[in-house]
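The values are calculated or read from the model by the stated rules, or taken from the named source; none is laboratory data. Quantities reported herein were computed from a predicted structural model and do not represent experimental measurements. Every residue, glycine as well, gets a Cβ built from its backbone with ideal geometry; the counts of neighbours run over all protein chains shown.
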């Protein structure tokens, strides 16, 4: 009988490192908590009756009618789907494998259908699906532009806390210039310039004088809030027709696309600024990931010393990236007064810049993911109006805080492991 050879531990050769992948448990935990809370809500507060989803607006090429489902039965089926997706995520995490993004998307869809089915059960009003999507897109526009600006700035190594100030400055100048000229285009251009100006001030202090970037951003936000509030009270309020009554962009329907059922009226019958958002998201992604300029921006954000060694002007690259980011964010600010409403209001951005920062983190500093996160926050903001229409038993105070609750959950739970650019927030001192 042949004796078994003793087991000898294998020692890696010098210089050879094993790559160990650590999968975060945050997503699985978050899915489990949301599933449990949803089941508890439907168990303690059941509602009787059917829920009607209005799928058409009357402008589509094909009238698909309404969809009526049993409210509580649909909600519990969706909870079962959520539980299965949670179990799948737990198994993937337990075996140290990543959970695909499709799980989070499908889970969010099941949660939404369950919640709307429960909220609309027994209501005399239909849930307008197309209008819900359209309103969500509109509310997410300034957040998307702000998030794109934040992604560009942080990819270049500059933390842009001043997104809120850039949005507010853009809204004010768009209203002021748009009213004086009678042109929303002039107002939008003024908003772009104001966003660039705030970004320039941020760049001077953060890049040239190496002041703490977070402190500079906070100070700029306070400065813009104070300046716009003062000018609003002293200039706009006394003579609103002359200084604060701008023209707005109207909706522009795209032929054929606007006739697609459900999504057509929601996505392709919007003002021109919304279409600019559709173009800006892939354009920023392409510029950052597929161009020489984007490679340099990412280089100075990850390793500025190495970038300087190969001849890249670190400070110049950061300045240019900040100015581009400011221009994009300024468009989002102009949206408030040349699309949403026709006049400026004191602090009308209401923290959208900080939600945009959360979208940057949630999107892991990727333009497309950050835009999708911004759409999520816009949807959370728009949900309040829809639930009030169907008379859902949800306190209005809770619905007002919903976007911020989603922001906290997204950053704390759904992100998982994420790493910002290595040199983000660090001033560059040439050695």
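Numerical summary
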read-out: Matching residues, segment 104-161, being more than 22 Å from residue 371 (Cβ to Cβ), out of contact with any strand residue (DSSP E or B) (no Cβ under 7 Å at 6 or more places or on another chain) and crowded, with 24+ Cβ neighbours inside 10 Å; value: 114, 118
read-out: Which numbered condition residue 422 fails, given (1) crowded, with 17+ Cβ neighbours inside 10 Å; (2) modelled with pLDDT of 70 or more; (3) in contact with a helix residue (DSSP H, G or I) (Cβ under 6 Å, 6 or more places away or on another chain); value: (1)
read-out: Filtered residues of segment 34-76 (kept if in contact (Cβ under 8 Å) with a residue 12 or more places away in the chain and within 30 Å of residue 95 (Cβ to Cβ)); value: 34, 35, 38, 39, 76
read-out: The listed residue being over 15 Å from residue 337 (Cβ atoms) and at pLDDT below 95, out of 135, 150, 146; value: 135
read-out: Among the candidates 185, 76, residue that is surrounded by fewer than 24 Cβ atoms within 10 Å (Cβ to Cβ), in the same structural domain as residue 346 (by TED's automatic domain parsing), at pLDDT 95 or above and in a helix (DSSP H, G or I); value: 185
read-out: Tabulated pairs, segment 407-431, first under 19 Å from residue 101 (Cα atoms), second surrounded by fewer than 17 Cβ atoms within 10 Å (Cβ to Cβ) and at pLDDT 75 or above, C-beta under 6 angstrom, 6+ apart or interchain; value: 413/26; 416/26; 418/364
read-out: Single unsatisfied condition, residue 249 versus (1) within 30 Å of residue 205 (Cα to Cα); (2) outside any helix (DSSP H, G or I); value: (1)
read-out: Filter result for the condition that a residue is in contact (Cβ under 8 Å) with a residue 12 or more places away in the chain and part of a helix (DSSP H, G or I), over 219, 297, 204; value: 297
read-out: Residues (without any contact (Cβ under 8 Å) to a residue 24 or more places away in the chain and either under 15 Å from residue 35 (Cα atoms) or buried (at least 17 other Cβ atoms within 10 Å of the Cβ) (or both)) located in segment 79-102; value: 80, 84, 87, 88
read-out: Residue list for segment 344-374, restricted to those being assigned to a loop (DSSP other than H, G, I, E, B), over 30 Å from residue 235 (Cα atoms) and either in contact (Cβ under 8 Å) with a residue 60 or more places away in the chain or not assigned by TED's automatic domain parsing to the domain that holds residue 150 (or both); value: 363, 365, 366
read-out: Residue count, segment 168-182 (criterion: assigned to a loop (DSSP other than H, G, I, E, B) and at pLDDT 95 or above); value: 0
read-out: Test: residue in segment 49-58 that is over 19 Å from residue 132 (Cβ atoms) and crowded, with 18+ Cβ neighbours inside 10 Å; value: no
